[in-house]
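A.B. asks: Have a look at this one.
Rule-based calculations on the coordinates, nothing more; no lab input. Only a predicted model underlies this, so the values are computations on that prediction, with no experimental measurement involved. Methodologically, a virtual Cβ is constructed for each residue, glycine included, from the backbone with ideal geometry; neighbour enumeration extends over all protein chains shown.
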Amino acid sequence: MDDKHAPDGHDHAAHAAIEETGPSPEFLLLEQAVRELLIAKGVFTADDMRRQIDVMDSRTPAQGARIVAHAWTDPAFKRRLLADAKAAATEMDVDVKNTPELIVLENTERLHHVVVCTLCSCYPKAILGIPPAWYKSVQYRARVVKDPRGVLKEFGTELPAAVEVKVVDSTADLRYLVLPRRPPGSDKLSEAELATLVTRDCMIGVTLPAAPSATARAAASAARDRRTDAT
Amino acid sequence: MSARFHVGDAVLVRNAWPEDGPTRVHVRTPHYVRGQRGVIDRVLGTFPNPEDLAFGRPGLPAQPLYQVRFRQRDIWPRGGGAPGDSIAADLYEHWLEPATTEQGHG
């Protein structure tokens, strides 16, 4: 087969090999041995483990997006979220019992946060679910602390020099979630529509929420007119 | 343990390298902040010391934990970025000493 022009149309020769591989065989064996021992000793059952995986899989960035959209539309909620993030998440029916402490970092006109865990891959899993592979990669963890603006640029994010970029390295017992700025042109959107603008990456701080497209704004405005007409 | 430092206090991170010693250790203080001067941004509460927890010990008394902010350019003078950019790490109290405004790069 001609490598340069594979049948799927992708130019496979154009980029370096994907370096994200799974855990090494030794770690897989270690995990399996420890898991089997814990189950054999009755510390937990295989069913407990399956249920825990189900709980983890049910957590998605949509939870975070709901929280952010609510904070954008309700200033009192935003104050509560910044003061006590776990209590505010509970208010939004996100289960954060038995999960690490959480702090929400508010982006402003002058301050932009980006989150990393240089020591391992700490991440607000209770809110966002499983972290993306790039967040756990050595490349991201090593580079974002040293050249945050360069890394942000690779995500398509360029911030004025007057904005302080603050990298927050979650080295200990806290998990961090970024509260991005509400994008311009979103003032007519409902809370549910706003939530669709909030992506996982902007709650890590590597991107900004996209301004709603002109069509989305028109649709929202038309929907509002219909609601007004109906009353 | 009540917190020794308050928001706005200048601190110096100990320039210690316990991982170079003869015993196995678990350390949560990233290399890049050791010996650096920072400012307390948040007082985060107390937590059992992970340096003990990692070896099955109770980690008590719980250690005060702080979010400490550093100037990006103090840590990486040749790095890119704007003069106001910063980096923060969460550090346990026993890694911190009070700093005057002149100290740093220990």
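A.B. asks: Strictly under 4.7 angstrom between C-beta atoms: which cysteines of chain A have no such partner?
C.D. replies: Here A:CYS120, A:CYS202 come out as lacking a disulfide-compatible partner, given the Cβ-Cβ threshold of under 4.7 Å.
A.B. asks: Would you work out the charge dipole size for chain B about its Cα centre, treating the Cβ of every Lys and Arg as +1 and the Cβ of every Asp and Glu as -1, and quote it to the nearest 20 debye?
C.D. replies: The calculation lands at about 140 debye.
A.B. asks: Run down the aspartates and glutamates and flag those whose C-alpha is under 18 Å from the C-alpha of A:LYS188, throwing out any fewer than 8 positions away in its chain.
C.D. replies: Hits, sequence-local ones excluded: A:ASP74, A:ASP225, A:ASP229.
A.B. asks: How long are the semi-axes of the equivalent ellipsoid of chain B, defined as square roots of 5 times the Cα gyration tensor eigenvalues? Whole Å, largest first.
C.D. replies: Ellipsoid half-lengths, sorted descending, are 25, 17, 12 Å.
A.B. asks: Another one. For chain A, what is the convex hull volume of its Cα atoms per residue in Å³?
C.D. replies: Hull volume normalised by residue count: 214 Å³.
A.B. asks: To make sure I understand, if each residue's beta carbon is the centre and we count other beta carbons within 10 Å, what order do A:CYS120, A:CYS202 fall in, fewest to most?
C.D. replies: A:CYS120, A:CYS202
A.B. asks: Within 10 Å of each candidate Cβ there may be at most 14 other Cβ atoms; applying that plus a DSSP loop requirement, which trypsin sites (Lys or Arg not before Pro) in region B:17-83 survive?
C.D. replies: B:ARG24, B:ARG78
A.B. asks: Can you pick out the pairs among A:LYS41/A:LYS136; A:LYS78/A:LYS136; A:LYS86/A:LYS166 whose Cα atoms lie more than 25 Å from each other?
C.D. replies: A:LYS41/A:LYS136; A:LYS78/A:LYS136
A.B. asks: Pairs of alpha-carbon atoms within less than 8 angstrom and 6+ residues apart define the contacts here; what relative contact order does chain A have, in percent?
C.D. replies: Contact order relative to length: 21 percent.
A.B. asks: As a footprinting exposure proxy, order B:PHE70, B:PHE47, A:PHE155, A:PHE44 by other Cβ within 10 Å, with the fewest listed first.
C.D. replies: With the sparsest Cβ surroundings first, the list reads A:PHE44, A:PHE155, B:PHE47, B:PHE70.
A.B. asks: Further, regarding this structure: Charges on Cβ only, +1 for Lys and Arg, -1 for Asp and Glu, centred on the Cα centroid of region A:83-161; of A:LEU111, A:THR90, A:PRO148, which one is farthest towards the dipole's positive end?
C.D. replies: Positive-most Cα among the choices belongs to A:PRO148.
A.B. asks: Putting +1 on Lys and Arg Cβ atoms and -1 on Asp and Glu Cβ atoms, find which of A:HIS70, B:VAL27, B:PRO48 reaches farthest to the positive end of the dipole of the protein assembly as shown.
C.D. replies: Highest projection toward the positive end goes to A:HIS70.
A.B. asks: Now for a different question. Order these by the 10 Å Cβ neighbour count, fewest first: A:VAL168, B:VAL7.
C.D. replies: Ranking A:VAL168, B:VAL7 by Cβ neighbours within 10 Å, fewest first, gives B:VAL7, A:VAL168.
A.B. asks: Of the residues B:GLU51, B:GLU93, B:GLU19, which exhibits the maximal mean-square fluctuation in a Gaussian network model of chain B defined by a 10 Å Cα contact cut-off?
C.D. replies: B:GLU19
A.B. asks: Shifting gears a bit: Expressed as a whole number of Å, what is the distance separating the alpha-carbon centroids of region B:1-53 and region A:39-79?
C.D. replies: Between the Cα centre of region A:39-79 and that of region B:1-53, the gap is 30 Å.
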